[in-house]
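Please read the structure below before turning to the comments.
The values are calculated or read from the model by the stated rules, or taken from the named source; none is laboratory data. All of these numbers come straight from a predicted model, not from anything done at the bench. Glycine also receives a Cβ, built like all others from the backbone with ideal geometry; neighbour counts cover every protein chain displayed. Accessible surface areas use protein heavy atoms only, side chains included; no ligands, DNA or RNA. Shrake-Rupley method; radii C 1.70, N 1.55, O 1.52, S 1.80 Å.
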Amino acid sequence: MDYNRIFQAAIDRLHDEGRYRVFIDILRNKGSYPNARCFAGHNGPKPITVWCSNDYLGMGQHATVVAAMEEALHDVGAGSGGTRNIGGNTHYHVDLEAELADLHGKEGALLFTSGYVSNEAALSTLGKLLPGCIIFSDELNHASMIAGIKSSGCEKRVFRHNDLDHLEELLEAADPDLPKLIAFESVYSMDGDIAPIASVCDLADRYGALTYCDEVHAVGMYGPRGGGIAEREGLMDRITVIEGTLGKAFGVMGGFMQPQGHVQMVVRMCDYGQNPQTASDAPRWIVNPDGTVGLEDALRASIGAALEGMGHKIAAAEAVNFAFGGAQLIWRQGDDGYVAGSDHRKDGGAVGF
């Protein structure tokens, strides 16, 4: 089989359809936003002005932001050493999640590597966990939301853009006993219009649906503290999940979601994007009768064997449970040897002794 021929044909189709893209090669100039240097097709960099940036407020160039990033680099270095499962939660991120939760008046927040990933992960996880869930999606929702809905495997019903009558028609036709989720954006960047959030929440209340609002183009821009359209309109407490980004008005990178109630723990524990494993024999989590989550005994035994092999004495192990504040097995050295254990609290406290 000629694989290159197949790939070339796909590229040719993109050219024929006018969808082949070449991304411009630039560097921004610190302190002179929105000026930049373009390296594409020139003999050396050419000065240009960037009019299409999502760094709406120029925060990516702000002296305080740059200084804070430099301070963090000198404090902890450039990498985390692994996923949350492997390396634990970076304390800066724990503080940031708390600040974001406070910004939106939620119980907690979850950070992701981008707004695309947070949408895809949250929607796919919620859909998979709600048996028979129907997701009602605005026809102009971002591709990341569509990807998450598709990955969830749920039935999807698309309503016309900001059309409340059509949304209610679809909700009314659905089985009243099935779980429902309405997914929409607050600000639609391509059209520049705003969703009727209060009315969407009214329909959600009437038909027993959860609400999921993407605020990526609104956070940092609207509301007394930059919480978005929902904050501006006093509606944050009516939305089940608020999703946003740090890569636009906040000027850096990353995505986040702030859910109500147990939604945060569910996504943190069950989403592969939050808790990826790196080996075929990675730990498996077990839900205990009291609601805590335990680490499989085999993993504890294997680590214990490794410590013994290094000449350490192993004492009797405690039950290993952890809350959603950190998914990691902690060993401490006691009088009788190393002991495996963790914090037994279920309130999101840090794991440890």
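Please indicate, with yes or no, whether at least one residue in segment 71-90 is assigned to a loop (DSSP other than H, G, I, E, B), modelled with pLDDT of 90 or more and on the phi > 0 side of the Ramachandran plot.
Scanning segment 71-90 turns up at least one residue that is assigned to a loop (DSSP other than H, G, I, E, B), modelled with pLDDT of 90 or more and on the phi > 0 side of the Ramachandran plot.
For segment 207-224, state whether one or more residues are touching a strand residue (DSSP E or B) at 6+ places or on another chain (Cβ under 6 Å) and part of a helix (DSSP H, G or I). Step through it out loud before you land on a result.
Here is the first cut: in segment 207-224, the residues touching a strand residue (DSSP E or B) at 6+ places or on another chain (Cβ under 6 Å) are 209-219.
With the extra rule that they be part of a helix (DSSP H, G or I), the set shrinks to none.
Within segment 207-224 (the criterion being touching a strand residue (DSSP E or B) at 6+ places or on another chain (Cβ under 6 Å) and part of a helix (DSSP H, G or I)), the answer is no, since none of the residues qualifies.
When you go through Ile6, Ile26 one by one, which is the residue that is among the β-branched types (Val, Ile, Thr) and over 28 Å from Val219 (Cα atoms)? Don't jump to the end; show me each part of the working.
Working: Ile26 fails: over 28 Å from Val219 (Cα atoms).
Within the list Ile6, Ile26, the selection yields Ile6.
Any residue at all in segment 131-146 that is within 19 Å of the chain's Cα centre (by Cα) and of a type in the set (Asp, Glu)?
There is no residue in segment 131-146 that is within 19 Å of the chain's Cα centre (by Cα) and of a type in the set (Asp, Glu).
Just give me the residues in segment 109-140 being free of Cβ contacts under 8 Å to residues at least 60 places away in the same chain and in contact with a helix residue (DSSP H, G or I) (Cβ under 7 Å, 6 or more places away or on another chain), in sequence order.
If the condition is that a residue be free of Cβ contacts under 8 Å to residues at least 60 places away in the same chain and in contact with a helix residue (DSSP H, G or I) (Cβ under 7 Å, 6 or more places away or on another chain), then Gly127, Cys133, Ile135, Ser137 are the ones that fit.
Can you tell me which residue is nearest to Val219 (Cα to Cα) among those in segment 70-103 that are open to solvent by 70 Å² or more (accessible area, probe 1.4 Å) and in contact (Cβ under 8 Å) with a residue 12 or more places away in the chain?
This residue is His93.
Is it the case, given these coordinates, that Lys106 is under 30 Å from the mean Cα position of the chain (by Cα), in contact (Cβ under 8 Å) with a residue 24 or more places away in the chain and surrounded by fewer than 13 Cβ atoms within 10 Å (Cβ to Cβ)? Steps first, answer last, please.
Values: under 30 Å from the mean Cα position of the chain (by Cα): yes; in contact (Cβ under 8 Å) with a residue 24 or more places away in the chain: yes; surrounded by fewer than 13 Cβ atoms within 10 Å (Cβ to Cβ): no.
Against the criterion (under 30 Å from the mean Cα position of the chain (by Cα), in contact (Cβ under 8 Å) with a residue 24 or more places away in the chain and surrounded by fewer than 13 Cβ atoms within 10 Å (Cβ to Cβ)), Lys106 does not qualify.
Name the single residue that is most open to solvent (accessible area, probe 1.4 Å) among those in segment 224-248 being closer than 20 Å to Asn54 by Cα and not small (Gly, Ala, Ser).
Per the criteria, the residue is Arg225.
Of (1) open to solvent by 60 Å² or more (accessible area, probe 1.4 Å); (2) more than 28 Å from Val66 (Cα to Cα); (3) of a type in the set (A, V, I, L, M), Met221 satisfies all except one. Which?
(2)
For segment 69-100, which residues satisfy the criterion of being aliphatic (A, V, I, L, M) and within 25 Å of Glu215 (Cα to Cα)?
Once the filter is applied, which keeps residues that are aliphatic (A, V, I, L, M) and within 25 Å of Glu215 (Cα to Cα), segment 69-100 yields Met69, Val94, Leu96, Ala98, Leu100.
May I ask you to verify whether Leu57 is open to solvent by less than 100 Å² (accessible area, probe 1.4 Å) and within 23 Å of the chain's Cα centre (by Cα)? Can you show your working first?
Numbers: open to solvent by less than 100 Å² (accessible area, probe 1.4 Å): yes; within 23 Å of the chain's Cα centre (by Cα): yes.
Considered against the rule, which asks whether it is open to solvent by less than 100 Å² (accessible area, probe 1.4 Å) and within 23 Å of the chain's Cα centre (by Cα), Leu57 comes out as yes.
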